[in-house]
1. Average projected area of the Cα convex hull of region 10-165, in nm²?
2. Once you list every other residue whose beta carbon is under 12 Å from the beta carbon of Lys307, what net charge do they have if Lys and Arg are +1 and Asp and Glu are -1?
3. For Gln132 and Leu79, what does the FRET efficiency come to when R0 = 25 Å and r is the distance between their Cβ atoms, rounded to the nearest 0.05?
4. Work out, step by step, the length gained on full extension between Ala351 and Gln365: first 0.36 nm times the residue separation, then minus their alpha carbon distance; give nm to one decimal.
5. Under the definition of Cα pairs under 8 Å and six or more residues apart, what whole-number percent is the relative contact order of the chain?
6. Any idea what angle helix 215-225 forms with the longest principal axis of the chain, computed on alpha-carbon atoms, 0 to 90 degrees, nearest 10?
7. Can you show me the helix-derived [θ] at 222 nm for the chain, built from DSSP H runs with n ≥ 4 at -39,500 (n - 2.57) apiece and divided by the number of residues, rounded to the nearest 500.
8. In nm, what is the difference between 0.36 nm times the number of residues separating Gln225 and Gln159 and their Cα-Cα distance?
Amino acid sequence: MNFGKPDDVDWRTSTMNLDTALCRLFHIRYPIFLAGMAGGPGTVKLAAAVSNAGGLGILGSAYMTPEVLRAAIRELRKLTNAPFGVNLFSIQTVDDNSRTEEVQRELNEIRKILDIPLVQGDQVQSPEYFEQQFAVLIEEQVPVISTAFGVLPTHMMKQAKSHGIRIVTMATTVQEALLAEQAGSDAIVAQGSEAGGHRGTFDISSRPMGANIGTMALVPQMVDQVGIPVIAAGGIMDGRGLVAALALGAEGVQMGTRFLTSIESGAHEAYQKILLSSNEESTTITNAFSGRPARGVKNAFIENWDKRGIEPLKFPTQNTATRDIRNAASRQNNPDFMSLWAGQGLRMLTAGQSAASIVEETVRQAQTILLNTVH
Ligand SMILES: Cc1cc2nc3c(=O)[nH]c(=O)nc-3n(C[C@H](O)[C@H](O)[C@H](O)COP(=O)(O)O)c2cc1C
């Protein structure tokens with residue numbers, strides 16, 4: 001759907017119903033994806049609620065052990081009969097222990113503030129679940145797999161497709177979108193720089209902070225270059241954002257931040273409180289928590305790290321090295337040292353709203369705008 005199509009009755013009806021190619025491809029009622037949000041915020045209940053409301057709920061499972069992932073999928077299936085997706089990080093990782101001692105020395109300064117055990121310069125060993133997680137997704141026959149950081153490797157893509165699983169790849173440049181299309185993806189998430197959480201940029205070796213093209217510029221350029229549906233992500237918080245994305249040629253949207261303060265969100269209470277008092281200036285892109293660039297609300301952890309001017313270890317080693325700090329901050333209800341991932345649309349957050357009501361409100365608002373625009 002876009003606003004350039006001929007003005008016939010069918011098009012008008014499908015526009016009002018927000019019935020885009022994405023809806024038909026994924027068998028969903030509304031072109032709204034819940035972003036997979038790994039590490040706590042994206043719960044099974046949240047994914048089920050979005051799917052039940054007519055969108056596509058996606059479970060962020062990058063940090064789950066294969067056993068936890070299998071249990072989560074089975075739980076999700078108990079809560080919804082509608083299609084859903086599971087999100088993974090598609091990345092081959094090798095731990096970077098090149099400067100572990102130096103990094104741990106710096107992190108120890110933060111551990112002292114939190115009064116938790118200091119860590120000596122031992123080698124960091126990150127868990128490597130990707131292959132096993134993927135095997136679980138095949139065994140459990142999930143309807144949709146979405147990935148960040150890269151396209152599924154060829155053998156996995158083949159296997160998933162032979163099981164009829166739809167594949168969604170998140171891309172931050174047109175070049176990445178073309179790679180994803182050539183590899184067999186069914187749809188692309190165009191992740192603009194406004195987006196909360198990790199930048200999906202495939203290769204960060206020559207740009208440590210990722211590719212940061214705004215949603216407004218990225219979406220139409222991707223739409224012009226690929227032949228599969230593009231889903232806009234980054235800063236989309238309501239029906240206005242949905243209509244804007246459709247006008248740019250996207251077939252739908254993926255929203256993460258908007259659901260962080262929903263009733264079903266798993267985001268820590270202190271984190272939610274910070275989000276609700278933040279604004280469009282509050283976030284920054286940092287690689288201090290994980291070794292990969294990600295957008296979150298600026299806090300003491302980021303400021304401390306930046307002041308010291310030390311390069312983090314590469315992903316996922318930095319992520320593993322900072323885990324005890326983030327966990328302690330959660331236990332202590334201290335948002336100063338949590339990763340407060342969030343996008344730039346923070347003033348548009350609402351408190352205490354159910355995920356279903358967010359989907360419904362977004363749809364209603366979009367339909368009202370379209371009714372007044374499409375003649
Ligand atoms: C708290 C949080 C966690 C996220 N975790 C993931 C993730 O695990 N996998 C992924 O593909 N994207 C992740 N993202 C990024 C989303 O896919 C999406 O690009 C982003 O939420 C869109 O921008 P918005 O937050 O402004 O809606 C995360 C985003 C947030 C806010």
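1. Working: hull surface 49.7 nm².
Over every viewing direction, the Cα hull of region 10-165 projects on average to 12.4 nm².
2. Working: positive: Arg308; negative: Glu106, Glu109, Glu303, Asp306.
Its environment carries a net charge of -3.
3. Values: r = 24 Å, r/R0 = 0.96.
E between Gln132 and Leu79, to the nearest 0.05, is 0.55.
4. Values: separation 14, 0.36 × 14 = 5.04 nm, distance 1.81 nm.
Difference between extended and current length: 3.2 nm.
5. Details: 794 pairs, mean separation 69.7, N = 375.
In percent, rounded to a whole number, it is 19.
6. 60 degrees
7. Numbers: 14 runs with 152 residues, N = 375.
Taken over the chain, the calculation gives -12000 deg cm²/dmol.
8. Details: separation 66, 0.36 × 66 = 23.76 nm, distance 2.65 nm.
Between Gln225 and Gln159, full extension yields an extra 21.1 nm.
Since every read-out is calculated from the coordinates, none of them should be taken as a lab result. None of these values were measured; they are calculated from a predicted model. Here the Cβ is made from the backbone with ideal geometry for all residues, glycine too, and neighbour counts use every protein chain on show.
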